[in-house]
1. Looking only at residues that are in contact with a helix residue (DSSP H, G or I) (Cβ under 7 Å, 6 or more places away or on another chain), open to solvent by 20 Å² or more (accessible area, probe 1.4 Å) and in a helix (DSSP H, G or I) in the stretch 100-117, which one is modelled with the highest pLDDT?
2. When you check MET127 against the structure, is it at pLDDT 90 or above and closer than 30 Å to SER151 by Cβ, yes or no?
3. Looking at the stretch 58-87, which of the residues that are out of contact with any Phe, Trp or Tyr (no Cβ under 9 Å at 6 or more places or on another chain) and in a helix (DSSP H, G or I) is most open to solvent (accessible area, probe 1.4 Å)?
4. What's the number of the only condition in (1) in contact with a helix residue (DSSP H, G or I) (Cβ under 6 Å, 6 or more places away or on another chain); (2) open to solvent by 50 Å² or more (accessible area, probe 1.4 Å); (3) part of a helix (DSSP H, G or I) that LEU90 fails to meet?
5. For LEU169, indicate whether it is within 19 Å of SER60 (Cα to Cα) and either among the polar types (S, T, N, Q) or modelled with pLDDT under 95 (or both).
6. Which residue pairs have Cβ atoms under 7 Å apart, sit 6 or more places apart or on different chains, and have a first residue in the stretch 150-165 that is of a type in the set (Asp, Glu) and a second that is assigned to a helix (DSSP H, G or I) and open to solvent by less than 60 Å² (accessible area, probe 1.4 Å)?
7. On the basis of being among the hydroxyl-bearing types (Ser, Thr, Tyr) and either open to solvent by 20 Å² or more (accessible area, probe 1.4 Å) or touching a strand residue (DSSP E or B) at 6+ places or on another chain (Cβ under 9 Å) (or both), does TYR97 make the cut?
Amino acid sequence: MGQEESSNEEVELAKIQELYTTFMQVCPSGVLHLHEFRRIFGIQSTSAEESLYVETIFRSFDTNKDNAIDFMEYVAALHLVLRGKLEDRLKWSFKVYDKDGNGRLDRHEVKHIIRIIYKIKKTNTDMTPNEVCDRIFELVDQNKDGQISLSEFLEGAKKDEWVMDMLKLDVNASGWFIKNWKKKS
């Protein structure tokens, strides 16, 4: 395999091991809170959008909803974001979008995340977040019920590259993790 860098490149295990070691140094109790999560990735003064993105990501990894990430949740999260399969990352993206946890995405949930992603990605498009949301629903909501199920989400993302780019929440998450990890190094 070549050493070419790409947004889909798997992160070396050594980098992940460094993140495990940092977790234990920052959180000897084995419990990571949001402020520690920010510290691990060197996030101090960020835009409101990036701050909201980080909080949303943090909450998505807190699987038992105790406002903390334990070591096992941290390991699972790093593996998913840095080395996970596309379908697993899409399922995670769906979970993050699905703010109320009902297993279906409504327009409000999709617009909320699209607005955050738009500001972080600084997307080069003439479309507004509302127009992006409308187009996503037009392409993905197969039964036209005004909600997107997980299966519609996965199918829509796999069929259309533009939809994939918009729905895949990771916003090059491995690149984001590495960039912010390097801020610490």
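The values are calculated or read from the model by the stated rules, or taken from the named source; none is laboratory data. Note that the structure is predicted; figures quoted are calculated from it, not measured. We place every Cβ from the backbone using ideal geometry, glycine too, and count neighbours over all the protein chains shown. Accessible surface areas use protein heavy atoms only, side chains included; no ligands, DNA or RNA. Shrake-Rupley method; radii C 1.70, N 1.55, O 1.52, S 1.80 Å.
1. Here the answer is ARG107.
2. Here the answer is no, as MET127 does not meet what is asked.
3. Filtering first and then ranking leaves MET72.
4. Result: LEU90 fails condition (2) only.
5. In short, yes.
6. Close Cβ pairs (under 7 Å, with a partner that is assigned to a helix (DSSP H, G or I) and open to solvent by less than 60 Å² (accessible area, probe 1.4 Å)) amount to GLU152/VAL140.
7. It is true that TYR97 is among the hydroxyl-bearing types (Ser, Thr, Tyr) and either open to solvent by 20 Å² or more (accessible area, probe 1.4 Å) or touching a strand residue (DSSP E or B) at 6+ places or on another chain (Cβ under 9 Å) (or both).
Matching residues to (1) modelled with pLDDT of 80 or more; (2) on the phi < 0 side of the Ramachandran plot:
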residue: ASN8; (1), (2): no, yes
residue: ALA14; (1), (2): no, yes
residue: TYR20; (1), (2): yes, yes
residue: CYS27; (1), (2): yes, yes
residue: GLY30; (1), (2): yes, no
residue: ARG38; (1), (2): yes, yes
residue: ALA48; (1), (2): no, yes
residue: THR63; (1), (2): yes, yes
residue: ASN67; (1), (2): yes, no
